[in-house]
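The values are calculated or read from the model by the stated rules, or taken from the named source; none is laboratory data. Just so you know, these numbers come straight off a predicted model, no measurement behind them. These accessible areas exclude ligands, DNA and RNA; they are computed on the full protein's heavy atoms, side chains included. Shrake-Rupley method; radii C 1.70, N 1.55, O 1.52, S 1.80 Å.
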Amino acid sequence: EAADAEFLENGRAGRGDELRIEAGRRERVTYLRFDTSDAAWAAESPTVLSLTVGTDAGRGTISIHEGVGGSWGDDDLTAATAPEPGRLLGAVTGEYSPGDVITVELPAGAVEPGITDLIVTTDGSGAADVSFVGADAEDGPRLSGTR
């Protein structure tokens, strides 16, 4: 499960228990931090990121980028402390309904033992926004090895 998970809305900390992504008038970007120090599968196999859709349905492309730099945690995510997007690790396109579990396979080597930051964005195509269950919930964001 994610050690830290927050979103920024137009560069400011988002509000609420859910994580959100949106492109357009309101720019919402979700940031996930995972501690994979004890994950034997990290760096050796492809990794799957699982996100459960929250109360806001949507459609479009959801992209996952590696997070580069930044110094943030649950209580101090700002535009200044957020990591920058690095390489694109994976994407999925479709329609998303509340309760759906979206899985994105990340390539082998994308997640190494230690701290991993991921950035979740959308192109906003056909959707106002999409929300995800937050990190404190049982079905919050998860990383798992495929082997």
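State the percentage of accessible surface on region 17-82 attributable to carbon and sulfur atoms; use a 1.4 Å probe and exclude ligands, DNA and RNA.
Numbers: 1250 of 2900 Å².
The computed percentage sits at 43.
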Accessible area per residue of the chain at 1.4 Å probe, in Å²?
49
With N residues in the chain, what two-decimal value do you get for its Cα radius of gyration over 2.2 N^0.38 Å?
0.95
Remind me, relative contact order of the chain in percent, using alpha carbon pairs under 8 angstrom and six or more residues apart?
40
